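The values are calculated or read from the model by the stated rules, or taken from the named source; none is laboratory data. The structure displayed is predicted, hence computed values, not measured ones. Reconstructed Cβ throughout: ideal geometry from the backbone, glycine too, with neighbour counts over all protein chains shown. With ligands, DNA and RNA removed, areas are computed over all heavy atoms of the protein, side chains included. Shrake-Rupley method; radii C 1.70, N 1.55, O 1.52, S 1.80 Å.
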Amino acid sequence: MPEDRRLAAIMFTDIAGYTALMGKDEDRAFEVLRKNREIHKKFINQFNGSLIKEMGDGMLISFDLASKAVRCAIEIQKACIDHDIPLKIGIHEGEMVFEGHDVLGDGVNIASRIQDDTEEGCIMISGSVY
């Protein structure tokens, strides 16, 4: 199967505590998820990003420039804080490999791990983005 490789600024976002919220208040969880998507889409479009994939309460987004990813993340985080959405964002610059419906590559894995290590309400970037 042919693959497509791209160098990109890769952003992962995740709503902290979403699973617990879903267990406590499903209606509120769906409301938070809907608002989170709305916020993301607005700023992804504004900064010319591409929403690659939604994974439950998480999103994988790519940008052609790291500076656009960081500026977008700042705006998303501000809006999420205003709406009491505990978001975690990680950004890395690296290679993305598109194979069929999958997105793979070391760059994607690193961005995901950075987001995992981030505290809610924060944005963490890798050294290559810095």
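Name the residues in the stretch 4-31 that are in a strand (DSSP E or B) and open to solvent by 90 Å² or more (accessible area, probe 1.4 Å), would you? Result: ARG5, ARG6, LEU7. From the list VAL108, VAL103, the one residue that fits, being in contact with a His (Cβ under 9 Å, 6 or more places away or on another chain) and either aliphatic (A, V, I, L, M) or within 17 Å of MET55 (Cβ to Cβ) (or both), is VAL108. Filtering CYS122, CYS72 for residues that are modelled with pLDDT of 95 or more, open to solvent by less than 70 Å² (accessible area, probe 1.4 Å) and touching a Phe, Trp or Tyr at 6+ places or on another chain (Cβ under 8 Å) leaves a single hit, CYS72. Tallying residues that are within 12 Å of MET11 (Cβ to Cβ) and of a type outside the set (Ser, Thr, Tyr) within the stretch 46-63 yields 10. Of all the residues that make up the stretch 32-65, how many are open to solvent by less than 60 Å² (accessible area, probe 1.4 Å), more than 10 Å from the chain's Cα centre (by Cα) and of a type in the set (S, T, N, Q)? So the count comes out to 2. Only one of the numbered conditions (1) at pLDDT 95 or above; (2) outside any helix (DSSP H, G or I) is violated by GLU54, and that is (1).
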